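Have a look at the structure that comes next, please.
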Amino acid sequence: NGNCDNNNGGCKSDRRIRSLEMPDPQHALALYRAGHATYCRAPPVVEQNLVAGLLRGTRYGCGQYDPSGTSSVALGRGEVEVFLNPSTEHVTDWHYDFQENFTIQLSGKKRWTLRQGTVNYPTRACTPHYQSPESVESQLKAAHLSTPEFRFGAPTDPRNSNALGNSKQIDMNPGDVLYFPAGMWHKVETLEAGVSLNVSLMAANYATAVCQALQHFLLQDEEGWRETLVEIGR
């Protein structure tokens, strides 16, 4: 399956992404040939090797990885997406991710504009370019856990308090690899049509590890903590 993004390809004043999920590769290929950017998950053999290697090398998630995704004790996970940009009209506007990311430019050329965010170790992404009521509320609540003054919107808006310092531009050419951490604002412009890979790494946080361990400890007490909740009548 593939996804097609129509972003800034027709209406220059509307920078929001409109994403369509295609039922089969032929539909995605037809839209790609029509000029729409397309992305999809990489084949398992590519994804598993890249994710496993990077988790081991960075020790992210203690280097633990379960490619099946079924293990309840694996602390690290990840995915690899393939981005195909057929047109220089494509722009992915300002947003940040909750994953640690490595992007690999295979062909073509892209311009990345980066700016430091104010949310450290985010639990959710922030995607002003891809708005929906359910995502805006959940993203704001997650950001406010550490930065109560955070405002939803692009970091270039002077009314927002969601970025620090100045932005920096980096041009990605074939063979280049860029690492950008979770919470780093970025905007991506296609300068030359091409293909890129993005490896996203995710890991359990200390809060999750401690709470799960505490729950296991408390559940040993059958007369107290393991007792089921029952409403007490007034």
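The values are calculated or read from the model by the stated rules, or taken from the named source; none is laboratory data. Just so it is clear, the structure is predicted and the values come from calculations on it, not from any experiment. Note that we place each Cβ from the backbone using ideal geometry, even for glycine, and neighbour counts take in every protein chain shown. SASA here: full protein model, heavy atoms, side chains in, ligands and nucleic acids out. Shrake-Rupley method; radii C 1.70, N 1.55, O 1.52, S 1.80 Å.
Please work out the average accessible area per residue across the chain, using the 1.4 Å probe convention, and give it in Å².
Details: 14080 Å² over 234 residues.
Result: 60 Å² per residue.
Under a GNM of the chain (C-alpha, springs under 10 Å), which listed residue has the highest mean-square fluctuation: Leu54, Leu214, Leu75?
Leu214
Taking the alpha carbon gyration tensor of the stretch 51-114, what are the square roots of 5 times its eigenvalues, largest first, to the nearest whole Å? Provide the component values of the computation, followed by the final result.
On the way: eigenvalues 169, 31, 27 Å².
Over the Cα atoms of the stretch 51-114, the ellipsoid semi-axes are 29, 13, 12 Å.
Another question, if that's okay. How far is helix 206-218 tilted, in degrees, relative to the longest principal axis of the Cα atoms in the chain, given as a value from 0 to 90 rounded to the nearest 10?
30
Quick one: pull the percentage of alpha-carbon pairs in the stretch 75-211 with a separation above 26 Å. Walk me through the numbers before you get to the answer.
Numbers: 2415 of 9316 pairs.
Across the stretch 75-211, Cα pairs with separations above 26 Å total 26 percent.
Hey, in the GNM for the chain with a 10 angstrom Cα cutoff, which one of His144, His186, His129 fluctuates hardest?
Largest GNM mean-square fluctuation: His144.
Another question, then. At a probe radius of 1.4 Å, what is the per-residue accessible area of Thr70, in Å² to the nearest 10?
Approximately 110 Å² for this residue.
Please give the charge dipole size of the chain, origin at the Cα centre, charges +1 on K and R Cβ atoms and -1 on D and E Cβ atoms. Round to the nearest 20 debye. Let's see the in-between values first.
Values: 21 positive and 25 negative charges, 157 e Å.
It comes to approximately 760 debye.
Using a Gaussian network model on the chain with a 10 Å cutoff between Cα atoms, which of Ser72, Ser161, Ser200 fluctuates the most?
Ser72
Grab the beta carbon distance between Gln212 and Thr58, set R0 = 25 Å, and tell me the FRET efficiency rounded to 0.05. Intermediate results must be reported in sequence, preceding the final value.
Values: r = 23 Å, r/R0 = 0.91.
That pair, Gln212 with Thr58, gives E of 0.65.
Further question: For the stretch 134-215, restrict the atom set to alpha-carbon positions and state the Rg and Dmax in Å.
Answer for the stretch 134-215, Rg first and Dmax second: 17.1, 52 Å.
Across the stretch 86-234, how many lysine pairs, 8 or more apart or on two chains, come within less than 21 Å at their alpha-carbon atoms?
Details: Lys109/Lys168; Lys109/Lys187; Lys110/Lys168; Lys110/Lys187; Lys168/Lys187.
Taking the stretch 86-234 as the scope, the lysine pair count is 5.
Across 10 Å bins from the origin, how do the percents of Cα pairs in the chain run, short distances first?
That works out to 7, 26, 33, 21, 8, 4, 1, 0, in percent per bin.
If I compute solvent accessible area with a 1.4 Å probe over the protein chains, what percent of it on the stretch 75-234 is carbon and sulfur? Numbers along the way, then the final one.
Working: 5060 of 9430 Å².
Carbon-and-sulfur percentage of accessible area, whole number: 54.
In degrees, nearest 10, range 0 to 90: what is the angle between the Cα axis of helix 44-58 and the longest Cα principal axis of the chain?
For helix 44-58, the angle is close to 70 degrees.
Need one number: nm distance between label points at Val73 and Asp176, each 7 Å from Cα along Cα→Cβ, rounded to one decimal.
Each label point lies 7 Å from its Cα, and together they span 4.3 nm.
Just reorder Ile232, Ile170 by solvent-accessible area, largest first, 1.4 Å probe, all chains present.
Numbers: Ile232 145, Ile170 45 Å².
Sorted descending by solvent-accessible area, the residues read Ile232, Ile170.
Under 8 Å for C-alpha pairs, at least 6 residues apart: give me the relative contact order for the stretch 92-234, rounded to a whole percent. Don't jump to the answer; show the numbers that get you there.
Numbers: 258 pairs, mean separation 58.9, N = 143.
Reported as a whole number, the value is 41 percent.
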